[in-house]
Amino acid sequence: MSESIYDEIEIDDFTFDPVTHLLQYPCPCGDKFAIALEDLEDGEDIAVCPSCSLMVRVIFDEDDLEQFKEQLE
């Protein structure tokens, strides 16, 4: 099964919610792509939109996740 990736987005362009632990980015449909910080830590890099079929690849290094982990403390 091949994934249909709409775009590749740098992690710095996402907004982070320290309460839900979700990184989000606006989707063209009006909703937001979302991926959990935990998923990124596990090596997953695909954020999905809950309202449409679009997906984006999150471009990041493991070191990039530290800035978000610090917000949790």
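Only helices enter this figure: runs of n ≥ 4 DSSP H residues, each worth -39500 (n - 2.57), summed and divided by the residues of the chain, yield -3500 deg cm²/dmol at 222 nm to the nearest 500. Which of these values of semi-axes √(5λ) of the Cα gyration tensor in Å was calculated from the structure shown: (i) 42, 15, 10; (ii) 20, 14, 10; (iii) 22, 16, 13? Matching the structure shown: (ii). Summing charges over neighbours of GLN24, with a neighbour being any other residue whose Cβ is under 9 Å away from its Cβ, gives 0 when K and R count +1 and D and E count -1.
FYI, it's all coordinate maths here, none of it is from the lab. The model shown is predicted, which means the values in this text are computed figures rather than measured ones. Reconstructed Cβ throughout: ideal geometry from the backbone, glycine too, with neighbour counts over all protein chains shown.
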